[in-house]
1. Report every pair of residues separated by at least 6 positions or lying on different chains whose Cβ atoms are under 9 Å apart, first residue within region A:196-211 and touching a residue at least 60 places away in the same chain (Cβ under 8 Å), second in a helix (DSSP H, G or I) and not hydrophobic (A, V, I, L, M, F, W, C).
2. B:Asp71 fails exactly one of the following numbered conditions: (1) modelled with pLDDT of 95 or more; (2) farther than 27 Å from B:Arg121 by Cα. What is the number of that condition?
3. May I ask you to verify whether B:Cys11 is away from DNA strand C (no atom under 16 Å from the Cβ), of a type in the set (A, V, I, L, M, F, W, C) and either crowded, with 16+ Cβ neighbours inside 10 Å or under 25 Å from A:Phe100 (Cα atoms) (or both)?
4. Inside region B:60-77, can you point out the residues that are of a type outside the set (S, T, N, Q), more than 16 Å from B:Val20 (Cα to Cα) and away from DNA strand C (no atom under 14 Å from the Cβ)?
5. Of everything in region B:42-58, what is out of contact with any Lys or Arg (no Cβ under 8 Å at 6 or more places or on another chain) and more than 12 Å from DNA strand C (Cβ to nearest atom)? Give them in sequence order.
6. Take the residues in region B:80-93 that are touching a residue at least 40 places away in the same chain (Cβ under 8 Å) and touching a helix residue (DSSP H, G or I) at 6+ places or on another chain (Cβ under 8 Å), then tell me which one is farthest from DNA strand C (Cβ to nearest atom).
7. Working only within region A:101-119, note down all residues that are among the small types (Gly, Ala, Ser) and more than 7 Å from every other protein chain (Cβ to nearest Cβ).
8. In this structure, does A:Arg121 turn out to be in contact with a helix residue (DSSP H, G or I) (Cβ under 9 Å, 6 or more places away or on another chain), more than 16 Å from DNA strand D (Cβ to nearest atom) and modelled with pLDDT under 95?
Protein chains: 2
Amino acid sequence: MNKRRCYDQFCGIARALDLVSERWTLLIVRNLMLGPRRYSDLMTELPGITTNLLAARLKTMEGDGLVARTDGPPARYALTALGAALEPVVVELGRWGAKFMDQPRRGDTVNPGWGMLSLKRRYRGGLRAVVEFRLQLNGGERRFELVFENHHLHVKEREAVRPQLVVAGPLEAFQGWLFKGLPPGELHRAGKLTTEGDPVVWEAVQVAFGPNDWKGASARATASP
Amino acid sequence: MNKRRCYDQFCGIARALDLVSERWTLLIVRNLMLGPRRYSDLMTELPGITTNLLAARLKTMEGDGLVARTDGPPARYALTALGAALEPVVVELGRWGAKFMDQPRRGDTVNPGWGMLSLKRRYRGGLRAVVEFRLQLNGGERRFELVFENHHLHVKEREAVRPQLVVAGPLEAFQGWLFKGLPPGELHRAGKLTTEGDPVVWEAVQVAFGPNDWKGASARATASP
DNA sequence: CAGGATCCGCCGCGATACTG
DNA sequence: CAGTATCGCGGCGGATCCTG
């Protein structure tokens with residue numbers, strides 16, 4: 001018993017897949033990238049997963065050192081340093097998968113948090129700031145902290161600590177700006193984005209996000225002759 | 001019939017996993033990254049796969065546009081541009097998996113080609129050259145073409161076209177140099193590496209490969225507080 | 001009610017045998 | 001050489017049941 005399926009190949013890629021290629025594992029990592037979550041949070045934010053699989057995955061991921069369970073109550077699951085180091089893998093998967101993201105298909109579930117995570121691969125670098133996004137959606141609000149470092153963007157779902165800029169508005173306004181390429185000044189139908197804080201940072205944030213590389217060749221893609 | 005298992009989430013990561021998360025798929029991509037292969041080549045170079053699964057994977061991957069089958073004889077499978085665009089995903093998986101590559105475990109199969117591919121993530125950039133590596137191993141020789149561009153290293157298993165440098169030696173000598181950090185001048189037990197061509201390029205190649213980031217924090221890793 | 005555990009049916013997977 | 005056919009098992013999905 002308890003012998004897991006593995007490739008038995010002396011290769012980093014195969015070793016990695018031994019640990020993360022089971023179904024749901026990388027999506028759990030994705031969701032935990034926004035911050036620690038409770039079991040029930042993951043159940044609702046991972047549409048389609050079943051309780052037995054979530055429990056099993058969290059157990060093996062904890063055993064492998066990818067996530068740590070902080071005893072509660074309530075118990076929370078968080079990425080360890082090892083699990084967080086999967087971020088480049090997840091980001092590159094998202095970059096590649098963006099080619100197929102023209103439209104939501106019927107039956108697709110949508111989560112604003114996933115869109116926030118996709119900003120990681122669009123950040124062009126060169127900014128240093130802490131920004132908070134407040135997405136208003138039917139009756140609620142979700143707050144994301146964006147920490148821009150020189151070559152990396154951190155995104156967490158939580159209140160930002162001492163943000164230099166707060167951008168607030170309905171979800172549709174953020175979508176229009178970030179994913180449909182509308183200038184923030186022309187978001188009439190979707191409602192407007194309001195900002196509070198340093199206008200210089202606001203300008204820089206708009207510049208810092210590259211285009212959504214829908215189907216286009218990715219910036220780092222290999223040219224294949 | 002023919003409805004594949006998918007996550008039904010409007011998220012690039014989930015979309016990508018819908019296409020490549022089945023078992024063996026990314027390892028087929030890995031092996032094809034070295035160049036086109038025949039069915040029987042893949043069978044021998046993917047230890048553990050069974051013929052029914054290889055046939056099934058190649059069929060769905062061809063249907064998804066990841067690989068193209070060139071009618072033979074002999075028929076060959078090659079990555080399409082879409083499939084080749086998975087390279088960053090595979091490379092980042094290998095970077096993460098390198099943390100677990102201290103030693104081959106018993107039962108592990110080893111393939112020098114996988115080691116050559118791992119050089120992609122270790123290339124520090126800044127070089128422009130075409131180099132050929134000739135790995136001598138029990139009774140045979142395998143030749144790899146390394147094309148160094150400013151920010152990217154191409155690796156194919158084939159004779160290099162007009163290489164400025166040829167490095168030849170037993171497999172163990174390459175392993176000692178590239179994976180055990182021995183200076184090429186001190187490879188006495190493993191046999192020596194001989195070079196032919198531009199000595200300036202040879203110097204630059206030795207500098208161009210960063211350390212094998214065994215367990216260490218990767219250069220681009222996210223620092224997690 | 002949060003946080004799981006248990007049971008069952010199905011299909012993806014692995015092993016082997018067989019075919020053009 | 002390049003696959004197809006068949007079969008058993010275990011991972012997975014769906015549902016229900018337990019326990020603080």
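The values are calculated or read from the model by the stated rules, or taken from the named source; none is laboratory data. Bear in mind that the values here come from a model prediction, so they are computed numbers and not experimental data. Using ideal geometry, Cβ is built from the backbone for each residue, glycine included, and neighbour counts are taken over all protein chains shown.
1. From region A:196-211, the pairs are A:Ala208/A:Arg122; A:Phe209/A:Arg122; A:Gly210/A:Arg121; A:Gly210/A:Arg122; A:Pro211/A:Arg122.
2. Failing condition for B:Asp71: (1).
3. On the way: away from DNA strand C (no atom under 16 Å from the Cβ): yes; of a type in the set (A, V, I, L, M, F, W, C): yes; either crowded, with 16+ Cβ neighbours inside 10 Å or under 25 Å from A:Phe100 (Cα atoms) (or both): yes.
Against the criterion (away from DNA strand C (no atom under 16 Å from the Cβ), of a type in the set (A, V, I, L, M, F, W, C) and either crowded, with 16+ Cβ neighbours inside 10 Å or under 25 Å from A:Phe100 (Cα atoms) (or both)), B:Cys11 qualifies.
4. First, the residues of region B:60-77 that are of a type outside the set (S, T, N, Q): B:61-69, B:71-77.
From what is left, the residues that are more than 16 Å from B:Val20 (Cα to Cα) are B:69, B:71-77.
Matches in region B:60-77: B:Arg69, B:Asp71, B:Arg76, B:Tyr77.
5. B:Leu42, B:Thr44
6. Quick first cut of region B:80-93, residues touching a residue at least 40 places away in the same chain (Cβ under 8 Å) only: B:83-84, B:86-87, B:89-90, B:93.
Then drop every residue that is not touching a helix residue (DSSP H, G or I) at 6+ places or on another chain (Cβ under 8 Å), which leaves B:83, B:86-87, B:89-90, B:93.
Working: B:Gly83: 18, B:Leu86: 17, B:Glu87: 22, B:Val89: 17, B:Val90: 18, B:Leu93: 17 Å.
It comes out as B:Glu87.
7. In the first step, residues of region A:101-119 are kept if they are among the small types (Gly, Ala, Ser); the result is A:107, A:113, A:115, A:118.
Result: A:Gly113, A:Gly115.
8. Details: in contact with a helix residue (DSSP H, G or I) (Cβ under 9 Å, 6 or more places away or on another chain): yes; more than 16 Å from DNA strand D (Cβ to nearest atom): yes; modelled with pLDDT under 95: no.
When the stated conditions are applied, A:Arg121 does not pass them.
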